[in-house]
Amino acid sequence: MFRSISKGRLSAALACILLSAGCIYMSVKYTQEAEKNKMLEKQLAELSKKEKRAIIDQSINKQMEDIAYEQKRISDERTEEANRQAQRAELEKQNAIHAQQQAKASEALARKEQANAEMQRNEANSQRRQAETQREKAELNKRAADTLRFIALGRSLGSQSSQTRASNKRIANLLAYASYYFTESYKQKEADLYNSAVFNALTEGSYTKQTWSTHKGLTTAISFDSDKSAADKRFVTVSSYGEIKRHTFDPVRNRITQTETIFANSQYDFRHVLYRHGNIYALSFTGHIVVKKSNWTSPRVIPLTGIQYPTAFCETDKGELFIVGTQSIGIFDKTALTLTGTRQFDFTITCLGKDFSSLPIFFDNLGRIHRVKSLNDIKTEKMPNGINGQVTAYANSKSEMLEAYGTKDGTIFVMRQGERPQALTGHESRITKLKLVKEKNQQLII
């Protein structure tokens, strides 16, 4: 019985144990399942959140995709618009390049046309100038022909006046006036009035003509005797034909009373003469000086060795006699009748004169002034500012401190020291002689 109870208890106990174990197991399992359910719920909640987030993200992505698509569409449209604008810009660029090329072509054509127009204008101007020059030449030739014709007429009338004076003085006087009228109206220079035919007709008509034996050659220089006390006034003339003639003028009777030939030799060509106290010094271009002193019976010919082609004298206040050649200068001793010294130059002397101190001054073809104190003391200077050209004549007035320069082209410059020179025009050829004369407080240039 005991065994039956024990087995029953044991079975019950075992059953209880098994039930307890089952309960425990079920409890543990339940707990595990509950925890698992919680976990699953938690996971489900998380999944739900994730799903919702995924849906949201998907929605956002869809919106972003729509936005991106819209942006892409806008970008594509902008790209297309940009492409169209680029095409238009390229087209405009090509049009601009084409227009620029056309502009350059037009500019080149315009330049060519301008050059052609300029060339045609220059040619027209050249033709106009040529025509004007030809017209001026024609007018000049006509005036020159008229001038020469009327000057020749004046000289012809003068000759006729002289020829008819012995038979008909009234007609001769009319012819003399007509000769003067045509010569004065159409003269080229003042010397035209002193042509022998015209001048002789006028002097014969005015009954003031004084005649003496004329030179065969050109009269090149005249010198009056420095002796002012003599009753008769004498002067000496020389010619390019080697003639020296002395003339005596009676101031009371107002006529030339005597003319005598001192020297005559056509081998000589006299350019300058000095007549001092009865002594004559005549300078020949051939390189000689002919001297005739008052107490000599005949003149002497003295060669000037060292001076080639002498042209002029210059006598200082001390009595020194300078002789100037074309490229040299020397001093002539009037007592010993010889050159005491010479000096050569590498330029051409164009003019000789005296400065305010009565010392020689000469000019050269290079436009310079040379002031001579002695042969070893010659100071070279530039021409004063404002004086241009080659000086061929010079004169001055010490009392007025006035200087006059005559040039090769016919211009005369007059200047006072410290002032600018003034140019006087009118001569058409070289100025050969200048002299300043004070008359009624005015300075005259002759």
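The values are calculated or read from the model by the stated rules, or taken from the named source; none is laboratory data. Not measured: the values here are computed from a predicted model. FYI the Cβ positions are ideal-geometry reconstructions off the backbone, even for glycines, and counts take in every protein chain you see. Quick note on the areas: whole protein, heavy atoms, side chains included, nothing else; ligands and nucleic acids left out. Shrake-Rupley method; radii C 1.70, N 1.55, O 1.52, S 1.80 Å.
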Original post:
Which residues, counting only those in the range 314-337, are open to solvent by 30 Å² or more (accessible area, probe 1.4 Å), in contact with a strand residue (DSSP E or B) (Cβ under 9 Å, 6 or more places away or on another chain) and polar (S, T, N, Q)?
Top reply: Thr326, Gln327
Original post:
List the pairs whose first member sits in the range 408-419 and is touching a residue at least 24 places away in the same chain (Cβ under 8 Å), whose second member is surrounded by fewer than 19 Cβ atoms within 10 Å (Cβ to Cβ) and among the hydroxyl-bearing types (Ser, Thr, Tyr), and whose Cβ atoms are under 8 Å apart, counting only residues at least 6 apart or on separate chains?
Top reply: Ile412/Thr425
**OP:** Please state which one of Thr311, Thr316, Thr350 is in contact with a Lys or Arg (Cβ under 6 Å, 6 or more places away or on another chain) and in contact (Cβ under 8 Å) with a residue 40 or more places away in the chain.
**Re:** Thr311
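Determine whether the range 418-432 contains at least one residue that is open to solvent by less than 70 Å² (accessible area, probe 1.4 Å), modelled with pLDDT under 85, in a loop (DSSP other than H, G, I, E, B) and within 16 Å of Gln390 (Cβ to Cβ).
Initial filter on the range 418-432 (open to solvent by less than 70 Å² (accessible area, probe 1.4 Å)): 421, 423, 426, 429, 431.
Then drop every residue that is not modelled with pLDDT under 85, which leaves 426, 429.
Cutting the leftovers down to in a loop (DSSP other than H, G, I, E, B) gives us 426, 429.
The next check asks that each one be within 16 Å of Gln390 (Cβ to Cβ); those that pass are 429.
Yes, the range 418-432 contains at least one residue that is open to solvent by less than 70 Å² (accessible area, probe 1.4 Å), modelled with pLDDT under 85, in a loop (DSSP other than H, G, I, E, B) and within 16 Å of Gln390 (Cβ to Cβ).
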**OP:** Could you grab the pairs with beta carbons closer than 8 Å, sequence gap of 6+ or different chains, first residue in the range 385-405 and touching a residue at least 60 places away in the same chain (Cβ under 8 Å), second one in a strand (DSSP E or B) and crowded, with 17+ Cβ neighbours inside 10 Å?
**Re:** none
Subject >> Filter result (touching a residue at least 12 places away in the same chain (Cβ under 8 Å) and farther than 11 Å from Ala201 by Cα) within the range 153-183 >> reply: Leu153, Tyr181, Phe182, Thr183
Original post:
From the list Glu123, Glu132, which one is exposed (fewer than 12 other Cβ atoms within 10 Å of the Cβ), within 26 Å of the chain's Cα centre (by Cα), closer than 30 Å to Glu184 by Cα and free of Cβ contacts under 8 Å to residues at least 12 places away in the same chain?
Top reply: Glu132
Original post:
Taking the range 229-257, which residues are farther than 27 Å from Ala312 by Cα, free of Cβ contacts under 8 Å to residues at least 40 places away in the same chain and assigned to a strand (DSSP E or B)?
Top reply: Asp250, Thr257
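Residues that are hydrophobic (A, V, I, L, M, F, W, C) and either under 24 Å from His427 (Cα atoms) or in contact with a strand residue (DSSP E or B) (Cβ under 6 Å, 6 or more places away or on another chain) (or both), at least 2 per element: which strands (runs of 3 or more DSSP E) completely within the range 354-412 meet that? Explain how you work it out, then say what you get.
Details: elements: 360-364, 368-374, 377-382, 391-397, 402-407.
Correct list: 360-364, 368-374, 391-397, 402-407.
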**OP:** Would you be able to tell me the number of residues in the range 414-430 that are of a type outside the set (S, T, N, Q) and under 15 Å from Met401 (Cβ atoms)?
**Re:** 7
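It is to be established whether one or more residues within the range 277-289 are in contact with an Asp or Glu (Cβ under 8 Å, 6 or more places away or on another chain), within 16 Å of Phe224 (Cα to Cα) and open to solvent by 50 Å² or more (accessible area, probe 1.4 Å).
Let us first name the residues in the range 277-289 that are in contact with an Asp or Glu (Cβ under 8 Å, 6 or more places away or on another chain), namely 277-278, 284-286.
From the residues that got through so far, the ones that are within 16 Å of Phe224 (Cα to Cα) too are 277-278.
With the extra rule that they be open to solvent by 50 Å² or more (accessible area, probe 1.4 Å), the set shrinks to 277.
Within the range 277-289, one or more residues are in contact with an Asp or Glu (Cβ under 8 Å, 6 or more places away or on another chain), within 16 Å of Phe224 (Cα to Cα) and open to solvent by 50 Å² or more (accessible area, probe 1.4 Å).
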